[in-house]
Each structure stands twice: as C-alpha cells, then as structure tokens.
Amino acid sequence: MAKISKSAARGRIAELSQELRRHNYNYYVLNSPVISDFEFDVMMNELQTLEQMFPEFILPDSPTQVVGSDIAERPNVPETAPGPVPTRTPAASPAKTRFVQVRHRYPMMSIGNTYNLGDMREFCNRTGADEFSCELKFDGTAICLTYLDGRLQRAVTRGDGEKGDNVLDNVLTISSIPATLKPGSGYPREFEIRGEIFMPLEAFDRLNREKEEIGEPPFANPRNAAAGSLKLQSPQLVAQRGLDCILYHILGEDLPFASHSEAISAAASWGLPVSEHARIVRGADAVIDYINQWDSQREHLPYATDGVVVKVNNLALQRQLGYTAKSPRWATAYKFTPEQALTELQSIDYQVGRTGAVTPVANLAPVQLSGTIVKRATLHNSDQMARLDLHIGDWVYVEKGGEIIPKITGVELSKRPVGAALTTFPTLCPDCGTPLAKDEEAARHYCPNALNCPTQIKSAIIHFASRDAMDILAGDATISQLYDLGLVRRVSDLYRLTTKDLLNLEGWQKKSCDNFLDSLKASLEVPFDRTLYALGIKHIGKNIAKLLARRFRSIEALSRATREELLQVSDIGDVICDSILEWFANPLCQSLVAELQLAGLQFELSSENAPQHSNVLSGKTIVISGTFSVSRDKMKETIELCGGRNTSSVSGKTSFLLAGDNPGPEKISKAEALGVRIIDEATFNEMISKV
C-alpha cells in the first residue's frame, strides 16, 4: 500500500468500517448483498492493512474484530442451558423475528480467507502441521446443532458470534438432519456440531420460478435463498424449500477424538450428514492440488461452493494454535475468484411480468463465461442500475451470481465511449404506456394496469392454462395468437372458443382443435384449489391456494372473508391479505369469477371433490417413486390431507417409501440400505382408510 498520512488513514478506516458494516447488514440480515464477496474481501483486506499500520485508529466495533451478525433485533438473550429451548416467543409482531435468541456455549467465529495460493502455502507451513483436512466451502448459512442424549435440542444461527436465533422448528423440517441419532452408535451424552445449511441448485431454480410466478423478486443466489428460508416463520414453508445440510465441526467437553477426521467419521456413524468430498492430505502441495481439482470441477456439483476450507487435522495442535479475536489460527479458506468476463452493453430491455413487475435485462455482446455463452444478464431493478451508473456502450464485467445467474458487477470506465448515453429506467409501461408505480419494499417498478396491459393479460392467460393450474393444451405461442386475433381478452373467453375460431390459428387442423377443446372440458373438473391458483391473484402460489381452499371451501366464502379471518390462516400475512382483499374488491375480478362459474369451473370443495382424510399420517415423512393408479400430484395431495409430509429424497428420517410401478432403483437401494420400510399403493390405501 502506498504511503498515507495519519489523518487520511483515520478517515479511510472510518469510511471502510461504515461501508463494511452496511454490507454485513445487507448480507446477514437482509440476505440481499449489493456487492460480490470478492469486492467485500478487497475492502476488508484494505481495512486490515490500514489497522496494522495505524493500530491506534482501530474502532471497538471494527468489522475486522467482530463477526457479521444475522440478528435483526435483539431481545433478552438467555444463557445456554441443557434441555430444549422454545423456538418462538408467544406473541410478536409479524414484521419482527419471533425466534428466541440464545448464547453460544462456544463463540461461533468466522474463518479467515485468501484468494492467493501463496498465502495458503504460507498458512500450511506456519501451522507446523503434517496433515490437513480439505473440505468444500458450502455457500449457505452457518448453523450450530446441540444434541443431548441423542436428541436434537437446539439449532442456533451464527448471529453475532456470541448469540444467535434458535431455529429448531425450521431445522427439524430438513430431512438430512436427524432429530434422533442412531441408537447404540456411541455418541457422547451432549455435544455441539456445526455446519452449513444450503439450498441445492435444483431447489433454488424451482423456488425462483415459483417466486416469479407470484410476482415476487427472485433470490440472487442459493446462499441468500437458504438464509432467507431458514428465517421463515412457518416450518411448513421451510419444509417446501428443499434445504440440505453438511456438518463439519464438533465441540464438547472431554470428546474422545485425537483428530478432526476421526470426529467427523464418528459423526457420520451417528447418522449425521457430512461431506463425501472431504479429504485428509499431507503437506501444502497436496492442499493446493485439492484446491485446483475443485476449482475446475465445482461446476458439476449439485450445489454452490465458493472455495475450500483447510483445517489442521490434529486436535491437540488446533488447541495449541488457538484463536484470534475473530477466527481460528488452525483453519483458513481459499476462495475461488469468481470467473469474470468483460463485454459490451449493447442495450437494455424492460420486460413486463405476469404481475406487472418491470425487470431490466441487459443485452450484451456474446461472451464466454463458466462454460456457456452469455448474451443477457439481469439488472434486477432501477436501484442496481443507478448504483452501477450504466451507460449504453459501456464495457461491463459479468459474473455468474452463485455460479448460476449472469449479472453485471461493474463497469470498466476507461473504455466508456465519449458521449455515451446514461441508461434511464422508464416512467411508463413499455407495453401499454401506463405510468409505472414503485413498490418500495421490493425495490421494483410495476405496471398497475393489470387488467388492460397486453403483456400482463397474455401472461395471465398463459398462467391460467399452465399444467399446475387448469392444464389446458395451449402454449405461449397459441395464447399470443388467440390474443392477437382478438379471440381471447380474458381467461373466461377460452371457454367460448369454437372449432371455427381455432382453425384460424396458424398450423391448426381439426385434430388440434379437438384436443384443445377436450382439454378445456377436462379443466372443468380441476379442483377448487388449482382453480384459485389459476386466477393469478398476486402472491397466491399453489400452497397458499390449497390453504385458502381448505379454510374457506368456496370462492364465495373467500370473497367475503375479513382481514381478521384471512390473517388467522397459517402462512397468511399482511401482504397476501392485502392482495386478496384488493383482488375481490375489483368489479372486473368479480365479473370474471361469475363468468367462470357460468362456464362450469370448480369454485368450491364438496364431499365429492374434497378427499376424505384423517391424521393417520401425522408426523410421517414419505417419499414416493414410480407411477400409480392416480397422478403423482394426487398421491402427494392425499398424503398432505392425511397429515403426512412429502419429501423428494430418502433419508434416515423417512417413515416409508411409497413405491408404485417402475420405482427409481436408487431410491429403492437407499431405502433398503437405511432400513426404511417400502410399501405399495394397495398397502398405502389400506393404511389411510383407517380412521
């Protein structure tokens, strides 16, 4: 670092400290970082260097001295104590966290990191160790689990390192985390084990598709999605997020282990999830070989990883090396530098979504990035565009956020063309010309003209016809043709179409028309919850639609529901409540329901279309595989109505595997290996018939 005066250093230390605290808050509390990890680490490194040069200016709450905190509010914090700790306070504002905070028995520190292999070699040599544990660094959110007499007692987030939120109820929904350890496996009476809760890429993609369907902004990366999901107030919603966990560090009194690898092997034998890719290696060269291997292979993993953690394997040497104020001296992380490309910003499109949200998308000169050709990148919203100070013709740096979504992270100002035009977010809807409104909470602009904006109308019809809704044989191109020809202007118009109308569509013959009309007829049997979902009410996804249908049982009862009645439904908060009340208050929406009722759609649950059920499967976790006499969706619905919970993968917590015809061989093998009961459809039907 170049020479700097004392006064300049003091000012820069204060500035960096303030900026890093702000970014810590965005990252840990809001789960919405506005800079990359690499940019954050560069600022942190500058602050550390300045503090080493001018220790007299180190602030007591400097980001170099404290762990970033995920605690949004700070109620009284009880001391740790054996035995279960309640996971929620009995009465709290819906806008605030309802998790009880507890103190960590052992401080939950962060870990140092480097992007330099030379620094990693220096770390290995400095410790004096022979053996190192090399582990993938999972890009998720840290968790500390406490087991007492083989039962999970607490699950506490990192918090501020000294205390965190007990999210036990939510963690118990994660199938890979056992509530009870394997009997007779030799576990200590009480111990803590720490690890990372993360969201696999498949679950992340599914979640973002669902969020976009109901008009909510998608998560930027799997880390944010995992952290946000873990802090949801409804365990039922957490269970649907597909979270997973890897554990990697055991703590306790008088534990009988000489090495870290021995402790982790023991944890695996108790039934706890540990990484299959962890390796014990000897010497710095082997550590660097492991890092290089995974830097090239990580794109094939089913989850996001942003580096490698290297630990001294010998526990006695770990204790001897000790800790700094913030991190252990016996471990460090090598962080993969995000692959970055520099390319030209050619233009920006403003896309109108089904719920009216306007999303800016950058059109780029094609560039190779992480094995794919990138031509477009999301800009999320006007705030991000302003932060980047984008001009058309700029050369921009593009990364894949969380190794998945291309995003612009910066501008190469030295290449900015003379006279380049500043990008400006539109004030009018790019489709219908209506003045845009702004949702300050979601930091998004949207077109409020939902019932007359062509893009929103077509998107609403596409949603209505989709498989999870009315399952009508009409793709995007068909809907566009029907709209452009003036044949369909709202979803009820679909039920007025004739063969003569459909023959006007390009490429359609009599057989195509018959299939389409047959699917319309079949849609009249779609149950109420899916019909409700098909209406496209903002924030009403499939699961919320099921809850509302079961609670109110008819569209009439739902339309008359008061705010107080709606808020009594599990998982319904102020935002969803407002959306429902606003929709049913609109005369055009009321007339739409009336038209669809005349067409014959299902708008109530009756004894015929509401499956009979009991709580016979209460507390049971079930995996289904294969084909059945009814659809898989129907089978899953039956399980839920009988009190059971569906999961996608077999684990030690699976109650039974429901196997139909041609079940997946991997699921069968895993169930047999874990001793999970396998039943067929006939046995299942007999089971649920018992009341």
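Being surrounded by fewer than 17 Cβ atoms within 10 Å (Cβ to Cβ), within 19 Å of Ala9 (Cα to Cα) and at pLDDT 70 or above, is that true of even one residue in region 34-42? Yes; the residues of region 34-42 include at least one that is surrounded by fewer than 17 Cβ atoms within 10 Å (Cβ to Cβ), within 19 Å of Ala9 (Cα to Cα) and at pLDDT 70 or above. Against the conditions (1) closer than 20 Å to Thr127 by Cβ; (2) open to solvent by less than 20 Å² (accessible area, probe 1.4 Å); (3) modelled with pLDDT of 95 or more; (4) touching a helix residue (DSSP H, G or I) at 6+ places or on another chain (Cβ under 9 Å), Gly307 satisfies every one except (3). You will find that of Ile250, Ile291, Ile280, the residue that is in contact (Cβ under 8 Å) with a residue 60 or more places away in the chain, among the β-branched types (Val, Ile, Thr) and open to solvent by less than 40 Å² (accessible area, probe 1.4 Å) is Ile291 and no other. Condition test on Ala268, is it without any contact (Cβ under 8 Å) to a residue 12 or more places away in the chain and assigned to a helix (DSSP H, G or I)? When the stated conditions are applied, Ala268 passes them. Contact annotation: residue pairs with Cβ atoms under 6 Å, 6 or more positions apart or on different chains, pairing a residue in region 439-452 that is part of a loop (DSSP other than H, G, I, E, B) with a partner that is among the small types (Gly, Ala, Ser) and modelled with pLDDT of 80 or more, are Cys447/Gly356; Pro448/Ala437; Ala450/Gly356. Taking every residue in region 457-469 that is within 13 Å of Arg489 (Cα to Cα) and pairing it with any residue that is of a type in the set (D, E, K, R) and open to solvent by 50 Å² or more (accessible area, probe 1.4 Å), at least 6 positions away or on another chain, the pairs with Cβ-Cβ distances below 6 Å are Ile462/Asp476.
Every residue, every condition in (1) within 25 Å of the chain's Cα centre (by Cα); (2) on the phi > 0 side of the Ramachandran plot; (3) open to solvent by less than 60 Å² (accessible area, probe 1.4 Å), yes or no:
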site	(1), (2), (3)
Thr627	no, no, no
Glu640	yes, no, no
Ser651	yes, no, yes
Thr654	yes, no, yes
Lys670	no, no, no
Thr683	no, no, yes
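Only one of the numbered conditions (1) at pLDDT 90 or above; (2) open to solvent by 20 Å² or more (accessible area, probe 1.4 Å); (3) part of a strand (DSSP E or B) is violated by Leu345, and that is (2).
Say whether the condition of being among the small types (Gly, Ala, Ser), out of contact with any Lys or Arg (no Cβ under 6 Å at 6 or more places or on another chain) and either open to solvent by 50 Å² or more (accessible area, probe 1.4 Å) or in a loop (DSSP other than H, G, I, E, B) (or both) is met by at least one residue in region 403-413. Reasoning before the result, please.
Just the residues of region 403-413 that are among the small types (Gly, Ala, Ser), to begin with: 410.
Right, trim to out of contact with any Lys or Arg (no Cβ under 6 Å at 6 or more places or on another chain) and you get 410.
Next, only the ones that are either open to solvent by 50 Å² or more (accessible area, probe 1.4 Å) or in a loop (DSSP other than H, G, I, E, B) (or both) stay: none.
No - not one qualifying residue is present in region 403-413.
Does region 365-380 hold any residues that are part of a strand (DSSP E or B) and either in contact with a Leu (Cβ under 6 Å, 6 or more places away or on another chain) or closer than 20 Å to Glu299 by Cβ (or both), and which are they? Walk me through it before giving the result.
Restricting attention to region 365-380, the residues satisfying the condition of being part of a strand (DSSP E or B) are 365-369, 372-378.
Those that are part of a strand (DSSP E or B) and either in contact with a Leu (Cβ under 6 Å, 6 or more places away or on another chain) or closer than 20 Å to Glu299 by Cβ (or both): Pro366, Val367, Gln368, Leu369, Thr372, Ile373, Val374, Lys375, Arg376, Ala377, Thr378.
For region 509-545, how many residues are of a type outside the set (Asp, Glu), open to solvent by 40 Å² or more (accessible area, probe 1.4 Å) and free of Cβ contacts under 8 Å to residues at least 40 places away in the same chain? Going through region 509-545 one residue at a time, the tally reaches 6. Are any of the residues in region 468-480 over 22 Å from Arg209 (Cα atoms), out of contact with any Gly (no Cβ under 6 Å at 6 or more places or on another chain), surrounded by fewer than 19 Cβ atoms within 10 Å (Cβ to Cβ) and not hydroxyl-bearing (Ser, Thr, Tyr)? No, region 468-480 has no match at all. For region 155-185, the set of residues classified as modelled with pLDDT of 90 or more, β-branched (Val, Ile, Thr) and in a loop (DSSP other than H, G, I, E, B) consists of Val167, Ile174, Ile177, listed by residue number.
Just one of the numbered conditions (1) assigned to a helix (DSSP H, G or I); (2) over 20 Å from Asn314 (Cβ atoms); (3) open to solvent by less than 40 Å² (accessible area, probe 1.4 Å) is not true of Glu202: (3). Among residues of region 303-336 being outside any strand (DSSP E or B) and within 23 Å of the chain's Cα centre (by Cα), the one that is nearest to Gln368 (Cα to Cα) is Phe336. Against the list (1) out of contact with any Asp or Glu (no Cβ under 7 Å at 6 or more places or on another chain); (2) under 29 Å from Leu243 (Cα atoms); (3) at pLDDT 90 or above; (4) among the aliphatic types (A, V, I, L, M), the condition Leu301 fails is (3).
Evaluated against (1) under 20 Å from Asn224 (Cβ atoms); (2) modelled with pLDDT under 70; (3) among the acidic types (Asp, Glu), Glu19 falls short on exactly one condition, (2). Taking the listed residues Gly195, Gly186, the one that is open to solvent by less than 30 Å² (accessible area, probe 1.4 Å) and within 29 Å of Asn314 (Cβ to Cβ) is Gly195, with no other qualifying. The single residue among Ser229, Ser185 that is of a type outside the set (Lys, Arg) and either under 19 Å from Gly252 (Cβ atoms) or more than 11 Å from the chain's Cα centre (by Cα) (or both) turns out to be Ser185.
Arg553: open to solvent by 60 Å² or more (accessible area, probe 1.4 Å), among the basic types (Lys, Arg) and more than 18 Å from Glu637 (Cα to Cα), yes or no? In short, no.
The values are calculated or read from the model by the stated rules, or taken from the named source; none is laboratory data. On a predicted model such as this, the values are computed, not experimentally measured, just so you know. Heads up, the Cβs are rebuilt from the backbone with ideal geometry, glycines too, and the neighbour counts pull from every protein chain shown. Heavy atoms of the whole protein, side chains included, go into the accessibility calculation; ligands, DNA and RNA do not. Shrake-Rupley method; radii C 1.70, N 1.55, O 1.52, S 1.80 Å.
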